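Q: Handing you this structure, nothing more for now.
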Amino acid sequence: MTRREAWASAALVFVVALVMRAIIAPQIVFPKPEDTAYYFGVARNIVEGRGLVSDSIWSYVTPPLVFPRPAFEIWMPLPAFLAAVPMAILGTTYAASQIPFVIIGSIVPVLAWRLAADVALERGVSRDRRLAIALGTGLTSAVYLHLVLFSALSDSTIVFGALALGSGLLMARAWRDPRGARLSDPRLIGAGILLGLAALTRNEAVWLALIWLGLAWTASGTTTAERVRLVAGVAIPAMLVFAPWGLRNLVVFGSPVPGQAVVNALAVNAIDIFAWNDPPTLSRYLAVGPARLVEMRIEGTWHNLWTVLVLPGFPLSVIGLIALPWQGRDRASRPIVLLALATFLVTSLLFPVATTWGTFLHAAVPAHVVVVLSAILGLDAFLAWIGQRRGWTRPVAWLAAVLGVASSLLFSLVLLPTFGDGSRETQAYYEELDARLAAVGEPLGPDSDPVISNFPIWVAETARVRTLGLPNEPPADVLDLAGTFGARLLILTDPPPDHHWPGDLEAGADGAACFTPIDLGPPTDPAADDPLEGTTVYRIDCPQGST
């Protein structure tokens, strides 16, 4: 395509993506899921002058365990920094925090467009087909459910996706033309800066770094000096970008990188993240037996494949996954395809329990772009084959693009409003909880004692109260937790059936008598269904160390 066509088509993709996201974002009025609330809460604390802290402690692995909790002992800070910018100007509302993510989310389809254009150019297809493949991939990504939804959430997902895609595109261009590589090569410097920023967004950036190391060191026709420059040209700017944050973590947490990855890999159930006296250990992990260890990996792989990749893009995602072995081998897409594959396999096999709570989900933007590209390329190749067999004289290059956009748009328009409805229901729930607790003389706020909850981040960020994550442990252990931090209330919302709570209380386990249910009274709107149905609030009556 000509330069003018390229700019026009890229602009069209961006505008369509921006309009789609501008329509969807206002429908999501509450930071959901909880990780989104965490980034939003930290951004609000930054703007309010409290610093890089959180009012929730939901993981007890990394010290110091104090309030306010130094933020990001596990996750990375860039999304909170981005959210804080418009919040400082427009006010500390969730709507303000969404703005940078809507804009960055609108850039992702443009990067998908560029990736598709590079692949089509590498394949040497006709001009019309190149334009159709590029626009089809870009416009489909502009309306693809996963990519639209996470552009409206102020968390790490869409930011990591944009940075990883941008870095991967530059890596591919440098890798395809590696001879005479220099440390000053703008492609290498740009890839390194974006890689460093990606590392400030999600830990999965390490897989892209390792992929580049492998690609650069095996680049054909290069000398050892050129390979060293390829690696160093990306590594140096990446490390310079990440170094200040690594130093902060070293000072605050004692390590420049998050230390909980190993613990998460040893989890035997999803709520092990909240463990207090019974943290994941290797012996505990192996004690579940070989059959369960294999079963966990089957569950994790199926979750990542079906729930994360297939469902949000059905039926286009099915086509993309089927076509991927044939459509994912181009050099222009190699770093991004390898990143998608590595992230899928690592989360499925090494973090099979944690991934059912979102590990792969939040790192899956590159994988979704690869699936969309594979589907468009597969449809295009299939239609071209039919045309040759049938002797068609009229071009059908745009049919694949039309099919991709139409199916994705329909799926998004049907399902995205339900997420908006869910955000409003969750917002109403916590407003009701706050009002009812205040009405019965147990108001929550910055000056009240800490509370314990199985949804600690939502409670902390809605009531502005110091909140601890409820471990799936017996009442005696939770009393130990409460005594350590001076907690006075336990807020229990719809626990899973295999949870210690409230089963241990009903069975009269040691320490159960110390938890007294509080009558929350009638709903604030007597004519409506009770939003707090399924919720129990307990007063913790026993002094520290008493059961």
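Every number here is computed from the coordinates shown, using simple stated rules; none is lab data. If you're wondering where the values come from, they're calculated on a predicted model, not measured in any experiment. Counting neighbours? That spans all protein chains shown, and the Cβs are built from the backbone with ideal geometry, glycine included.
Q: Mind checking the full-extension length gain between ILE236 and ASP128? Use 0.36 nm per residue of separation minus the Cα-Cα distance, one decimal, nm.
A: Result: 34.8 nm gained on full extension.
Q: Right, next: Taking +1 at the Cβ of each Lys and Arg and -1 at the Cβ of each Asp and Glu, which of PRO279, THR2, ALA528 sits farthest along the dipole of the chain towards its positive end, judged by Cα position relative to the Cα centre?
A: THR2
Q: Another one. Where does the chain land on Rg/Rh, using Cα atoms and the Kirkwood Rh?
A: Ratio of gyration radius to Kirkwood radius: 1.00.
Q: Once R0 is set to 60 Å, what does the formula 1/(1 + (r/R0)^6) return for the Cβ-Cβ distance between ALA527 and ILE298, expressed as a FRET efficiency to the nearest 0.05?
A: The calculated FRET efficiency here is 0.80.
Q: Could you list TRP501, TRP398 so that the one with the fewest beta carbons within 10 Å of its beta carbon is first and the one with the most is last?
A: Values: TRP501 22, TRP398 17.
By the 10 Å Cβ count, ascending: TRP398, TRP501.
Q: OK, next. Longest exposed-loop-site-free stretch of the chain, with trypsin sites (Lys or Arg not before Pro), DSSP loop and at most 16 other Cβ within 10 Å?
A: Looking at the chain, 330-487 is the longest stretch - no exposed trypsin sites (Lys or Arg not before Pro) with at most 16 other Cβ atoms within 10 Å.
Q: Any idea what the dipole of the stretch 158-259 comes to, in debye rounded to 20, about its Cα centre with Lys/Arg Cβ at +1 and Asp/Glu Cβ at -1?
A: Charge dipole, the stretch 158-259, about its Cα centre: 140 debye, nearest 20.
Q: What order, most packed first, do the peptides 444-453, 30-39, 249-258 have when packing is the mean number of other Cβ atoms within 10 Å of each residue?
A: Packing proxy ranking, top to bottom: 30-39, 444-453, 249-258.
Q: Compute the distance in nm between two label points, each set 7 Å from the Cα along the Cα-to-Cβ direction, one at SER448 and one at VAL228.
A: 6.3 nm
Q: Then there's this: Two-decimal Rg/Rh of the stretch 158-259 from alpha-carbon positions, Kirkwood Rh?
A: Values: Rg = 13.8 Å, Rh = 13.7 Å.
Rg divided by Rh gives 1.01.
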